[in-house]
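Nothing in this text is a laboratory measurement; each read-out follows from the coordinates by a stated rule. Bear in mind that the values here come from a model prediction, so they are computed numbers and not experimental data. In this analysis, Cβ positions are derived from the backbone assuming ideal geometry, glycine residues included, and neighbour counts consider all displayed protein chains.
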Amino acid sequence: MKHTLLICALVLAVLCPIAVRAQTPPSPYWSDAWRGWHFYEDPEPDTQERPAPSPKTASPTAKPKALRPPEIAEFERLQKTLEETRNIAIMRPTEANVRRYMELESRVVARASTFADVAQRVAWATPELDPTLQGRPVNAKALEVFEQQQMSQRTESIGTLGRDHVLFFFFRGDCPYCHAFAPTLGAFEARYGIKVVAISIDGGTMPGFPDARRDNGIAATLRVSQVPAVYLAQPFTGKIMPIGFGVLSESQLLERIATVSAPTSESGPSNAGQPAVLQ
C-alpha cells in the first residue's frame, strides 16, 4: 500500500506541470533568458487571418497622361548631345573632339536657319505677324512718312495743351547752358503757341525773357537741382511734370511733351495739391 501511494505521488508530480503548461499560452522567446543570445531569431508568425488587399481600381476622374510629341524628345536628345560634345571638346580639345562638336553645331545652325526662313515667309504672308509693320518702320521711305504723321499729331497735341498748360523754364543768370537753351525755348513758344514762364533761381536775367520771374520757393518744392530745367504745368489743377534737364533740341521738347502729356502716361511726379502759381 505504501509503495502504491508513492507511485501515485510521483505520477501526479510529473503530470501537474505538464497540465499547467498546456493551459497557459506560450511565452515569447525573448522572455526565455536561459536561452542566452537569441536576438537574431525571427518573431513567431501571426496566426490571425488578414483580409486580402482589394485590387486597385482606376479613379473615374483620373485623366490619361498626355503623350509627348516625338519632336520634343528629339530636341532634348539633340540639346543634350550638343552640350555633352561641347563639354568634352572643352575638357579634352583634341582635333577629333573639336571637329565632332563643330560638325554637330553646324547641323544645329542649319536647322535654325531653316526655321528662320520659314518664319520669315509666314510673316510676309501674315501682316499681323510681320514685325516691320508694327511700331516704328525700318524702311527709309516708310520711316519718313511715319515721322511726318507723328510730327503732325504732336503739333496738334501741343497746340491743344497750350490752352491750359505752360512750360516752366528754371534758369540761373550765370549759367551758360541756360543762355544757349533760351533761344530754342523762345522759338518753341512761337511755333507751337504754348507759353513759357521763365523762373530765375538766382535773380539773374535771361535775354528773350524780359518778364522772367524770381523764384518764390517753387524750385525747392520741385527739387530742381540742375538747370536749365523745363517742367510742364497746368496751373488750374496744380499738376506739374518734368520734361527734361540740360540743353534740349526743339524736336526733343516736342517728343517729350507729347509723351508726358499722353492720357496713358504716368511718368514724372505731379504736385496735384500744390498750386503752380508764381507771385
Evaluate the charge dipole of the range 128-194 about its Cα centre and quote only its size in Debye, nearest 20, assuming +1 on the Cβ of each Lys and Arg and -1 on the Cβ of each Asp and Glu. 180
Could you list which residues have their amide H under 5 Å from that of R213, counting only those 5 or more apart in sequence or on another chain, with H placed in the peptide plane? A198, I199, S200
Using θ = phi - 60° and the Karplus form 6.51 cos²θ - 1.76 cosθ + 1.60, what ³J(HN,Hα) does each residue of the range 218-223 get, whole Hz, x for Gly and Pro? 5, 5, 5, 5, 8, 6
Can you compute the charge dipole magnitude of the range 70-134 about its Cα centre, using +1 on each Lys and Arg Cβ and -1 on each Asp and Glu Cβ, nothing else charged? Give it in debye, rounded to the nearest 20. 320
Using θ = phi - 60° and the Karplus form 6.51 cos²θ - 1.76 cosθ + 1.60, what ³J(HN,Hα) does each residue of the range 75-88 get, whole Hz, x for Gly and Pro? 5, 5, 5, 5, 5, 5, 5, 4, 5, 5, 5, 5, 4, 5
Which far-off residues, 5 or more places away or on another chain, put their amide H under 5 Å from the one on G204, with H placed in the peptide plane? G173
Can you give me the P(r) profile for the range 141-260? Cα pairs, bins 10 angstrom wide beginning at 0, each as a whole percent. 13, 46, 31, 8, 2
About its Cα centre, what dipole magnitude does the range 141-260 give when the only charges are +1 on Lys and Arg Cβ and -1 on Asp and Glu Cβ, stated in debye to the nearest 20? 220
Residues with amide H under 5 Å from that of I243, placed H, sequence gap 5 or more: V230, Y231, L232
Let me check the size of the range 70-134 from its C-alpha atoms; what are the radius of gyration and Dmax in Å? 16.7, 49
Work from the charge dipole of the range 70-134 (Cβ charges, +1 for Lys and Arg, -1 for Asp and Glu, about the Cα centre) and give the residue of A112, T81, V98 farthest towards its positive end. V98
Under Karplus coefficients 6.51, -1.76 and 1.60, residue-wise ³J(HN,Hα) of the range 229-244 in Hz, glycine/proline x: 9, 10, 10, 9, 10, 10, x, 6, 9, x, 7, 10, 10, x, 9, x
Farthest toward positive dipole pole in the range 154-251 [+1 Lys/Arg, -1 Asp/Glu at C-beta], among Y177, M241, I194: M241
